[in-house]
1. Could you check residue 288 against (1) at pLDDT 90 or above; (2) over 22 Å from the mean Cα position of the chain (by Cα); (3) exposed (fewer than 14 other Cβ atoms within 10 Å of the Cβ) and say which number it fails?
2. In the set 325, 294, 314, which member is part of a helix (DSSP H, G or I), small (Gly, Ala, Ser) and touching an Asp or Glu at 6+ places or on another chain (Cβ under 8 Å)?
3. Consider residue 41 carefully, then state whether it is surrounded by 14 or more Cβ atoms within 10 Å (Cβ to Cβ) and either at positive phi or free of Cβ contacts under 8 Å to residues at least 12 places away in the same chain (or both).
4. So which residues in the range 91-144 are among the charged types (D, E, K, R) and over 18 Å from the mean Cα position of the chain (by Cα), if there are any at all?
5. What about residue 48, is it in a helix (DSSP H, G or I), of a type in the set (Gly, Ala, Ser) and touching a strand residue (DSSP E or B) at 6+ places or on another chain (Cβ under 8 Å)?
6. Residues to consider are 181, 138; find the one that is out of contact with any helix residue (DSSP H, G or I) (no Cβ under 7 Å at 6 or more places or on another chain), touching a residue at least 24 places away in the same chain (Cβ under 8 Å), over 23 Å from residue 88 (Cβ atoms) and not hydroxyl-bearing (Ser, Thr, Tyr).
7. For the range 291-331, how many residues meet the condition of being at pLDDT below 95 and touching a Cys at 6+ places or on another chain (Cβ under 8 Å)?
Amino acid sequence: MTHDFTPDAIIERARISTGLHNLGSEHVCDYLEAWCADLGGPLLSDAGRARLAKQAVRNLETRLRIEDTLRRHPEIADVPLPRIVRIAGLARSGTTLLHQLLALGPARRALLRWELVEPVPPPEAASYAIDPRIERVARSLQALRGTDLERMHWVEATDPEECTWGFYDLSGILGRGCIGAMPRWADAIFDDRRDHRQTYLEYRRLVQLLLWRNPLPADGTLVLKCPTDNDCLRDFIDVFPESVIVQIHRDPFRVVTSSCRIQQVINQPHFAEGARISDADNLALVMTKTAQQADALVDVWRSRPDLVTNVRYADLMAQPTETVAAVEDCLGLPDRGAAAQRVSGLLDRQRSGGRAAPPAAYEDFGATPERVRAEPAFARYISTFDIPSEQERVSAPHG
């Protein structure tokens with residue numbers, strides 16, 4: 001069967017499947033055009049092209065449903081947002097664990113994978129824990145059980161998920177994990193000349209939608225995170241003035257080698273035979289994007305120290321309970337008691353064998369600690385945040 005992978009064809013498929021027409025802001029078209037340019041390029045297999053086209057259709061279907069809900073319920077625009085703790089950091093630096101731990105407080109909540117993947121109709125407080133979408137999203141994850149992706153980065157349907165999964169303008173497809181297979185699209189989402197505020201303005205509306213019928217307590221805190229848009233944190237702060245930032249920092253060598261491996265895992269199934277990215281090109285891509293993100297973290301800390309709390313990955317791994325308690329104290333969270341019990345409970349569940357264990361080692365993809373740490377952006381990053389070298393890779397918290 002032949003498919004048309006043009007923007008018009010992708011949009012038409014979404015409109016036919018939903019019966020809806022209004023896409024809202026036209027800024028979505030820029031990301032769609034870049035995505036479709038990659039769909040028509042030489043890197044993808046026929047199967048990979050079809051899978052990634054389907055992802056674009058799904059993103060647009062979600063967009064159409066959100067826009068329709070917002071049009072029919074203008075009162076959503078008046079939903080107040082609670083205090084927001086926004087976790088940032090380089091990819092593979094412990095953001096997922098810190099996100100889970102800081103969201104454990106009784107008056108805190110993160111946005112879960114199922115509600116970001118299927119946000120419409122808006123979740124209801126009475127049925128939030130038993131919503132049928134939970135089972136549907138959980139079933140969709142089963143095909144990935146036992147894969148390298150499960151061993152490296154696993155998020156259950158009911159686990160906290162990162163903000164990119166809620167970016168419904170095609171800038172967050174697959175959590176921004178497929179930049180190797182979609183280079184034009186990657187250039188678009190990391191283009192520092194582009195105004196990314198529209199993505200956050202729309203995401204703010206989505207957060208309001210998700211809290212509309214399932215609000216937090218009056219003194220509640222919403223814990224968000226994203227490790228791939230540090231370069232846009234200033235825009236995020238402007239659009240979400242309720243937010244404070246927690247940055248977690250890890251040895252860039254470990255970040256880079258782990259990122260190279262997960263890029264390989266995510267992108268490889270989509271490539272055409274003979275078109276797979278080489279180790280050297282993979283390393284160059286990851287080094288470039290990670291250095292850009294490291295510079296952004298330094299910039300946000302220097303420009304807005306009043307909003308930023310810093311955490312070291314090494315400390316979180318060595319003393320998870322104490323480190324989480326210190327962050328809670330620094331942020332002045334009103335429900336910061338009983339941290340030890342909450343942290344140990346989550347860590348015990350993670351160690352219980354419910355998911356595959358992390359890999360024992362990663363390839364180095366041609367990287368060396370000396371080469372990575374000497375790169376100017378990484379040298380600044382290490383110096384600014386006093387990041388220790390991770391001589392032996394640490395993949396699980398102690399204690």
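1. (2)
2. 314
3. When the stated conditions are applied, residue 41 does not pass them.
4. Listed by number, the residues that qualify are 108, 124, 131, 133, 135, 136, 139.
5. yes
6. 138
7. Going through the range 291-331 one residue at a time, the tally reaches 0.
Here is a yes/no grid of residues against (1) touching a Ser or Thr at 6+ places or on another chain (Cβ under 7 Å); (2) of a type in the set (Ser, Thr, Tyr); (3) farther than 30 Å from residue 323 by Cα:
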| residue | (1), (2), (3) |
| --- | --- |
| 36 | yes, no, yes |
| 42 | no, no, yes |
| 65 | yes, no, yes |
| 88 | no, no, no |
| 98 | no, no, no |
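The values are calculated or read from the model by the stated rules, or taken from the named source; none is laboratory data. Keep in mind it's a predicted model, so treat the numbers as computed, not measured. Positions of Cβ are generated from backbone atoms using ideal geometry, with glycine treated the same way; all protein chains shown enter the neighbour counts.
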